[in-house]
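Visitor: Once you've had a glance at the structure underneath, I'll fire off some questions.
The values are calculated or read from the model by the stated rules, or taken from the named source; none is laboratory data. All figures in this text were calculated on a predicted structure; none of them were measured in a lab. Here the Cβ positions follow ideal geometry from the backbone for every residue, glycine too, while neighbour counts run over all protein chains shown.
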Amino acid sequence: MNRYRVAALSDLNEGEGVPVDVEGTAIALFRRGQEVTAVGDSCPHMGAALSDGYLDDETVVCPWHGWVFELETGRSTFDEESCIPVYRTVVEGDDVFVELPAIAGESSATP
């Protein structure tokens, strides 16, 4: 896994989505207390940016057509065959990191 610093925790507002690009991967960050969740930033239904959506308990709701995805698993509660990627996050102090799978031949992005 490669680890990338994507934000400062202090710059993220509770419950608001923030879009980030990590090596060409569009990711939506959501802060919930001192934790940050990272999911793919594109709804599989019509491609809306999930970072423009809103949190509802343990889910994110797509801003265009209301599709709902579990933050823990990425599964849709609307269409069981649809899901979004979920990425592991680490918060160290004020730094927020996201882990992405390494591509063959790459070294780790952060020590």
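Visitor: May I ask you to list the residues in segment 21-74 that are in a loop (DSSP other than H, G, I, E, B) and of a type in the set (Gly, Ala, Ser)?
Guide: Result: Gly24, Gly33, Gly47, Ala48, Gly53, Gly66, Gly74.
Visitor: Any residue at all in segment 59-81 that's on the phi > 0 side of the Ramachandran plot and touching a residue at least 24 places away in the same chain (Cβ under 8 Å)?
Guide: Within segment 59-81 (the criterion being on the phi > 0 side of the Ramachandran plot and touching a residue at least 24 places away in the same chain (Cβ under 8 Å)), the answer is yes, since at least one residue qualifies.
Visitor: Additional query: For segment 96-105, state whether one or more residues are more than 24 Å from Arg3 (Cα to Cα), buried (at least 19 other Cβ atoms within 10 Å of the Cβ) and either touching a residue at least 24 places away in the same chain (Cβ under 8 Å) or in contact with a helix residue (DSSP H, G or I) (Cβ under 8 Å, 6 or more places away or on another chain) (or both).
Guide: For segment 96-105, residues more than 24 Å from Arg3 (Cα to Cα), buried (at least 19 other Cβ atoms within 10 Å of the Cβ) and either touching a residue at least 24 places away in the same chain (Cβ under 8 Å) or in contact with a helix residue (DSSP H, G or I) (Cβ under 8 Å, 6 or more places away or on another chain) (or both): absent.
Visitor: Looking only at segment 13-50, count every residue that is over 16 Å from His65 (Cβ atoms) and more than 13 Å from the chain's Cα centre (by Cα) and tell me the total.
Guide: Qualifying residue count, segment 13-50: 6.
Visitor: A further question follows. Give me a count of the residues in segment 47-76 that are farther than 13 Å from Thr37 by Cβ, among the hydrophobic types (A, V, I, L, M, F, W, C) and in contact with a strand residue (DSSP E or B) (Cβ under 8 Å, 6 or more places away or on another chain).
Guide: Count: 6.
Visitor: Same structure again: Could you list, in sequence order, the residues of segment 21-39 that are touching a residue at least 40 places away in the same chain (Cβ under 8 Å), out of contact with any Phe, Trp or Tyr (no Cβ under 9 Å at 6 or more places or on another chain) and surrounded by fewer than 17 Cβ atoms within 10 Å (Cβ to Cβ)?
Guide: Across segment 21-39, the qualifying residues are Gln34, Glu35.
Visitor: Then there's this: Only one of these is surrounded by fewer than 18 Cβ atoms within 10 Å (Cβ to Cβ), part of a strand (DSSP E or B) and touching a helix residue (DSSP H, G or I) at 6+ places or on another chain (Cβ under 9 Å): Val18, Val91. Name it.
Guide: Being surrounded by fewer than 18 Cβ atoms within 10 Å (Cβ to Cβ), part of a strand (DSSP E or B) and touching a helix residue (DSSP H, G or I) at 6+ places or on another chain (Cβ under 9 Å) holds for just one of Val18, Val91, which is Val91.
Visitor: Can Glu81 be described as over 14 Å from Val36 (Cα atoms), exposed (fewer than 12 other Cβ atoms within 10 Å of the Cβ) and more than 13 Å from the chain's Cα centre (by Cα)?
Guide: In short, yes.
Visitor: Out of the residues in segment 40-75 meeting the condition of being acidic (Asp, Glu) and surrounded by fewer than 19 Cβ atoms within 10 Å (Cβ to Cβ), tell me which one is modelled with the lowest pLDDT.
Guide: Asp57
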